[in-house]
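The values are calculated or read from the model by the stated rules, or taken from the named source; none is laboratory data. Note that the structure is a prediction, hence the values are computed from the model and not measured. Neighbour counts are summed over all protein chains in view; Cβ atoms, including those assigned to glycine, are modelled from backbone coordinates with ideal geometry. Ligands, DNA and RNA are excluded from the accessible area calculation, which covers all protein heavy atoms including side chains. Shrake-Rupley method; radii C 1.70, N 1.55, O 1.52, S 1.80 Å.
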Amino acid sequence: MQIRNFSIIAHIDHGKSTLADRLLQSTHAVTDREAREQLLDDMDLERERGITIKASAVTVRHVHNGEEFMLNFIDTPGHVDFSYEVSRALTACEGAVLVVDSTQGVEAQTVANAYLAVENNLELIPVVNKIDLPAANPDDVAMEIEQILGLPAEDCIYASAKTGQGIDKLLAAICEKLPPPRDSIISETRALVFDTEYNDYRGVVVYVRVFDGRLNIGDRIRMMGVGRTYVVTELGKYTPKPTKVQTLGAGETGYLIAAIKALADVRVGDTITLDIEPASEPLPGYEEPKQMVFCDFYPSSSAAGSGGKGADFEQLREAVEKLNLNDASFTFQTVHSEALGFGFRCGFLGLLHMDIVQERLEREGGVEIVQTAPTVNYQILMTTGEIREITNPADLPDPNYYEEIREPIVKMEIIVPKECIGDVMSLCGARRGVYKSQQYISETRQMLIYELPLAEIIYDFHDKLKSMTRGYGTMDYELSGYHKDRLVKVDILINGAPVEALSIIVHRDSAEQRGRALLVRLRKEIDRHQFEIALQAAIGGKVIARETIKSMRKNVTAKCYGGDVTRKRKLLEKQKEGKKRMKSVGNVEIPQEAFMAVLDQGD
Amino acid sequence: MQTTPISVDGQQKWASLPLSTARTPVRSLYVHIPFCFHKCHYCDFYSFVDSRDRQGVFVDRLIEEFSALARHAGGGAAADAGEADAAPALDTIFVGGGTPSLLRPDLWARLLGALRERFDLSTIDAGRGEFTVECNPETVTAELMATLAAGGVDRVSVGAQSFDQRHLVTLERHHDPENVARALALANDAGIRRRSLDLIYAIPGQTLKEWASDLDRALEADDGLEHMSCYALTYEPNTPMTKRMRRGDFEPADEGLESDMYEHTVRRLREAGFERYEVSNFAKKREAMGNGQWAMGGESSDVTTHGPLPTAHRLPVSLHNLVYWRCGQWLAAGPSASGHIVTEGGGHRWKNVPHLTEWMQGVAASGGYSPIIDHEPPDARRALAERLMMGVRIAEGLCEREMQERAEPLGAAEALQRAAAGQAELGRLSLADARWRLTDAGWLFADGVASELMAALAPGESTGRVAGDSSVRG
């Protein structure tokens, strides 16, 4: 039987998941009745946000020209934060279906994902999707694909995942055009871990692609990287229901269960071999997930400023540890802030990932969190020549001890309508972007390539881009290195006491403006107190901006009579409730919004 | 010992409340008259302009409700069955609205006569109780005042609101400021000695100077004025005024200005001999009352008090309102009127249906029982929260021992004491003489104090902290 391993890659919302579902239906892996929207996304959160977080591998059988094929397809995440997961999935494949929405055209992630596939030597099948829509423009989009990706326009398959049009043609192309997996090149078993997932009932489920040899139930396997061994208790494939098999041979993908307790015990990218007859060399490995964005989580409670590790902190710790079993791609370590008490410094793949983790902690762990503004990691060249990495502006050493601060720089591809180019270029300029090049996509659209400091884009860059292009602009980026710049730390003092969580590292030239903008935001976010509150922004002890929050003059309802009791009681209870998601610094209550004010660029 | 709820047409009636569980007989009554000339745009009381003449039939229904209330109000087992034979005694009656003075004098005479037939008003007649009717200046006539006085009314509360025509227009009040003094004089002529004036400040566009002038004019309006209520304009939800403010039609008064106005009020009225006994209510000290013919009424609170007799008792305070502020008991008659009885486990609160037609139909169909809404059954935690919320607002404050005794069974005594100490530290609350009273600086923060004290009662509030502490040790 022939085997085809492939991925579906696309820009977000171009219909990847719907296409996957339609393929399953067409191969009769699921009945029409079973077919529900976006079958492969199985977390509530994914469904709510309409994005795919976890990659899944599904195996179906298909008969093409009288020959039976085993099609293994791997659904990949669509958001920029998860591009490393996309790369893992691609390594397990020989080909990829590149989906482009015929009403939208080629977008930044289309380009990024296509490049990634080409780097992995995958064969590409371009699909122009959603041709059933009135606004579809398949011929123009096919031209864009040829123009920017070099794939001949006539090779594009026109399809509608919704109506099923073109799906047979696509299945035929998968069977005919995609290469079969290579044969074993050594006799020892080598299987690549390309994804893992944690299941409350079954423990860790490991997704593998067998490259050489074979895996059988009962085998004692060895993780070549971590060196631990396990006995395989179950092998199977998702069809898409989990279906147990006795063995997985070379070229096949499937899942493996082996009494592995936590996701941290398996390294994605590791090579599995047999303990009894190990391979001498692992498969070329994957890269470790790289955390790009960092922030602190503290349990929210106005009482916790006292500094003790209270019950709230323990509850947060439990939630964080439990979630980490499910999602090993975020990192965490205990932090203690003078102002905010005990919490966790966490690292994420990107901002969306950060939001998802926070939401899952609150939803699944039942804790309320106060989150500090996300920052990037900086490399500090110390006077001793040592390079120290910090993920928190508060950890920046005294200026006497370091030579320079280097910040992460990304290479950014932005695809925008022609008439918006001026606006987008000034946005990039304001964010310290360095123009690299410009590329023609079509009559109406262009691709801009910039180098930008990551710190300048992590928060609202995407929103700004979307709004100035009326939603048409798209972006994708990858880390390109660390550059030094004239960066300074701006400290924020509340009634004279520095609040580390509000410190920012910014370019010297914009320090005053950013400091002032931050204080103005803080003044709006922090409620009036009994006393006057002084807000100051300072660089190395020199105050560069100040604001004052006047003391509260009154908090009293004029009228309260017999008929008002119930309503007034509820109002007063709410008044207290409203203070919950706050942190006390000294005797100043700071709401969650104030911590995020740090990110307001004031532009 | 819950009795079977009486329900007519599927609606809950107040007679379903186990009135016999009241710790003492209920001796106060609030009567709501919903009619108005004009619906003022800041007002959130239930009232409307009656286009049909329904005053007569309204009074008929009200009298039916009095009858039913009288049968139930006496306390004891007979209360639930509605079989009390003796007329129950009332110490305080308050007739509010709406505009009660809009009711025609002949209807007032019927209403007052019916009240007297059904209830024992001897405490009021003896000058130891209180019977107040709210009046709008433009509706006061000699005939009406004589009718009220003859029926036993011994106190009027006149809604002056402002003496500045411009600000009256903002409030959509359409009386002539000159009518205020006239109305008060007519009441005095009729022998109604206890007179109170309502004023509103922090009206959009009003200056501190203008407010000061309003206060002065109020004090000049009547030498015998014994009581003043001065309210900052409050933007109640769902009033046209609030909607206009939210829409940005005008700016509400600045917080600082409003505070200055309040502080001026307290100062100015103190100069004139008025003492603040509630956030917005002021009563004139007896020695400052001319011949001192006025005699303070008896103890009408149902609430056990410990410690020295509060100063409020030596003042011509509104005894009826003091019942509200002490979380005492009162009956309710008329649409949207609310009532409260105190039981062992807390208290029942309820509200008559706030709709004239529905109320009239309900009363007519059941022989005097209004349908009720918003019934809250006894809950010790809620009752204490209400006691704290209302109690901090009055000068006599709260008795520390009572608070502790009531918080103890809720497991909140320690947390409550800590919260009070916290407010004392902030300088808002005085804990002297085993009473919790707002300090001079604390009056402007009564809501903040109340919400902090109330939060100490939240379940888990005290235990949560203890758990946190122990985990630090462990």
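Its Cα centre serving as origin, the stretch B:172-220 has a Cβ charge dipole (Lys and Arg +1, Asp and Glu -1) of approximately 240 debye. Shielding by partners for peptide B:334-341, expressed as the average number of C-beta atoms from other protein chains within 10 Å of each residue's C-beta, is 2.
Over chain A, accessible surface divided per residue gives 41 Å², non-protein components excluded, 1.4 Å probe.
Are there any GluC sites (Glu not before Pro) in the stretch A:497-551 that are in a DSSP loop and have at most 16 other Cβ atoms within 10 Å? List them by number. Before the final figure, lay out each step's value.
Working: sites: A:E500, A:E512, A:E525, A:E532, A:E547; in loops: A:E532.
Answer in residue order: A:E532.
Once you reduce the stretch B:24-43 and the stretch B:193-239 to the center of their Cα atoms, the two points are 20 Å from each other. With a 1.4 Å probe, how much accessible area is buried between chains A and B, both sides summed, in Å² to the nearest hundred? Chain pair A/B: roughly 3400 Å² of buried accessible area. When shorter helices are ignored and each DSSP H run of at least 4 residues is given -39500 (n - 2.57), the per-residue value for the protein assembly as shown at 222 nm works out to -9000 deg cm²/dmol.
Under 5 Å between amide hydrogens, built in the peptide plane, is the criterion, and for B:D198 it picks out B:V158, B:G159, B:A160, B:Q161, B:S229 among residues at least 5 positions away or on other chains. Within a straight-line Cα-Cα reach of under 17 Å, A:K576 can be paired with the following lysines, leaving aside sequence neighbours fewer than 8 residues apart in one chain: A:K554, A:K568. Shown here for the stretch A:454-539: trypsin sites (Lys or Arg not before Pro) in loop regions (DSSP other than H, G, I, E, B) with at most 11 other Cβ atoms within 10 Å, namely A:R470, A:R486. Between the listed residues A:Q147, A:V565, A:G515, the Cα displaced farthest toward the positive end of the dipole of chain A, a dipole computed from Cβ unit charges relative to the Cα centre, is found at A:V565.
In order along the stretch A:96-105, phi translates into HN-Hα couplings of 8, 9, 9, 9, 10, 6, 6, 9, 10, x Hz, rounded to whole numbers, per the Karplus curve 6.51 cos²θ - 1.76 cosθ + 1.60 with θ = phi - 60° and x for Gly and Pro.
Peptides A:382-392, B:448-458 ranked from most to least packed give B:448-458, A:382-392, packing being the mean of other C-beta atoms within 10 angstrom over each peptide's residues.
I need the calculated FRET efficiency for the pair B:S67 and B:D223, taking r as the beta carbon distance and R₀ as 41 Å, to the nearest 0.05.
Values: r = 41 Å, r/R0 = 1.00.
With R0 = 41 Å, the Cβ-Cβ based efficiency is 0.50.
Distance between the pseudo-spin-label points of B:D216 and A:Q333 (7 Å out from Cα toward the beta carbon): 7.1 nm. Gap in Å between the Cα centre of the stretch A:422-440 and the Cα centre of the stretch B:121-185? Using only Cα atoms, the two centres lie 74 Å from each other. Of the chymotrypsin sites (Phe, Trp or Tyr not before Pro) found in the stretch B:141-228, no site is in coil according to DSSP while having at most 13 other Cβ atoms within 10 Å of its Cβ.
How large a share of the accessible area of the protein assembly as shown, in percent, is made up of carbon and sulfur atoms when the probe is 1.4 Å and the other protein chains stay in place? Answer for the protein assembly as shown is 48 percent, counting heavy atoms of protein chains only. With each label modelled as a point 7 angstrom along the Cα→C-beta vector, the B:R104-B:D249 pair spans 3.5 nm.
Hey, with R₀ at 25 Å, roughly what FRET efficiency would A:R220 and A:K322 work out to, going by the Cβ-Cβ distance, to 0.05? Walk me through the numbers on the way to the answer.
Working: r = 29 Å, r/R0 = 1.17.
Result of the calculation: an efficiency of 0.30.
Could you work out the relative contact order of chain A? I mean the mean sequence separation of Cα pairs under 8 Å and 6+ apart, divided by the number of residues, in percent. Can you show the working numbers first?
Values: 1320 pairs, mean separation 61.0, N = 603.
So the answer I get is 10 percent.
The stretch B:382-422 and the stretch A:149-209 have Cα centres separated by 68 Å.
May I ask you to derive the FRET efficiency for A:N65 and A:E188 from their Cβ-Cβ distance with R0 = 35 Å, giving the value to the nearest 0.05? The partial results should precede the final answer.
Numbers: r = 35 Å, r/R0 = 1.01.
The computed FRET efficiency comes out at 0.50.
Projecting the Cα atoms of A:L316, A:A328, A:V370 onto the charge dipole of the stretch A:293-371, computed from C-beta unit charges around the Cα centre, puts A:A328 farthest toward the positive end. Overall, the anisotropy analysis places the stretch A:190-274 in the rounded class: the square-rooted eigenvalues a ≥ b ≥ c of its C-alpha gyration tensor yield a/c less than 1.5.
Other chains' Cβ within 10 Å of B:447-458 residues: what's the mean? It would help to have the intermediate numbers written out before the result.
Working: counts 9, 8, 3, 10, 11, 4, 2, 5, 6, 1, 1, 3.
Partner-chain Cβ atoms within 10 Å, mean over residues of B:447-458: 5.
Remark: chain A carries a charge dipole of roughly 2500 debye about the Cα centre, counting +1 on each Lys and Arg Cβ and -1 on each Asp and Glu Cβ. About the centre of its Cα atoms, the protein assembly as shown shows a dipole size close to 2120 debye [charges on the beta carbon of Lys, Arg (+1) and Asp, Glu (-1) only; nearest 20 debye]. Straight Cα distances below 22 angstrom link A:K237 to the lysines A:K16, A:K54, A:K261, with same-chain residues fewer than 8 positions distant left out.
At 0.36 nm per residue, minus the direct Cα-Cα distance, what do A:K411 and A:T548 gain on full extension? Give it in nm, one decimal, please. Before the final figure, lay out each step's value.
Numbers: separation 137, 0.36 × 137 = 49.32 nm, distance 4.05 nm.
Separation in residues times 0.36 nm, less the Cα-Cα distance, equals 45.3 nm.
Label separation (A:E532 vs A:I387): 4.9 nm, computed from points 7 Å beyond Cα along the C-beta direction.
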